[in-house]
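The values are calculated or read from the model by the stated rules, or taken from the named source; none is laboratory data. In this text, all values refer to a predicted model and were calculated from it rather than measured experimentally. FYI the Cβ positions are ideal-geometry reconstructions off the backbone, even for glycines, and counts take in every protein chain you see.
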Amino acid sequence: MVDDILQFLESSELSDFLFPFKVLFIIISIAFIFAIFYYYIKAGFLIATTKRRINDFLSFQKFDSKKILTQRAKKISTFLNKRDYKRAILMMEELLIDALKDKGVRGDNLYKMIENSSIADISGIKDVYTIAEEIKEGQGYILNMEELQKLFDACEEALRRLEIIT
């Protein structure tokens, strides 16, 4: 009985039967991988992060992190519109995480880092984390422009308190 099962599993008939399914699943896998890269390239996350990491790796000079973080804050302000507000919020979250790491604040996520820092009392700063998490989870979070501006102002105030921008 066991020999019959092994013989069937090793037979060329089964292999020939399963070959089209293997090809189909490989094609579907490749399509999904391309879709993921297309989304990241379209959203600009992958390109910006990769460029920054390559520049950091290839240059042998010490970077002025305040200058870099200030430039990133200015870049975020260009995305404060109805079309790119989700991207702006995700960039705000990443900027705050990098700024807090630069100041030596530890934590698993932005919320815990904010709790462990001097910016915990800024109104609205914890909302950056909550809204960014909702966006990452794919919930259809819709923000009006006033709320977006308040979030950005809270982010700027946090960066001022951390002495990143003046």
Just for the range 6-57: of the residues that are part of a loop (DSSP other than H, G, I, E, B) and of a type in the set (Gly, Ala, Ser), which one is modelled with the lowest pLDDT? GLY44
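So, in the range 118-134, how many residues would count as being part of a helix (DSSP H, G or I) and crowded, with 18+ Cβ neighbours inside 10 Å?
To start, the set of residues in the range 118-134 that are part of a helix (DSSP H, G or I) comprises 125-134.
After this cut, where a residue has to be crowded, with 18+ Cβ neighbours inside 10 Å as well, the list is 125, 128-129, 131-132.
So the count comes out to 5.
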How many residues, within the range 90-106, are farther than 14 Å from LEU162 by Cβ and over 12 Å from the mean Cα position of the chain (by Cα)? 1
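Output the number of residues of the range 145-162 satisfying the condition of being touching a residue at least 40 places away in the same chain (Cβ under 8 Å) and either more than 23 Å from the chain's Cα centre (by Cα) or in a helix (DSSP H, G or I) (or both). Break it down into steps so the answer makes sense when it comes.
Just the residues of the range 145-162 that are touching a residue at least 40 places away in the same chain (Cβ under 8 Å), to begin with: 145, 148-149, 151-152, 155-156, 158-159, 161-162.
Next cut, either more than 23 Å from the chain's Cα centre (by Cα) or in a helix (DSSP H, G or I) (or both) only: 145, 148-149, 151-152, 155-156, 158-159, 161.
The total comes to 10.
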What's the number of the condition VAL2 fails, among (1) surrounded by 10 or more Cβ atoms within 10 Å (Cβ to Cβ); (2) free of Cβ contacts under 8 Å to residues at least 40 places away in the same chain; (3) not aromatic (Phe, Trp, Tyr)? (1)
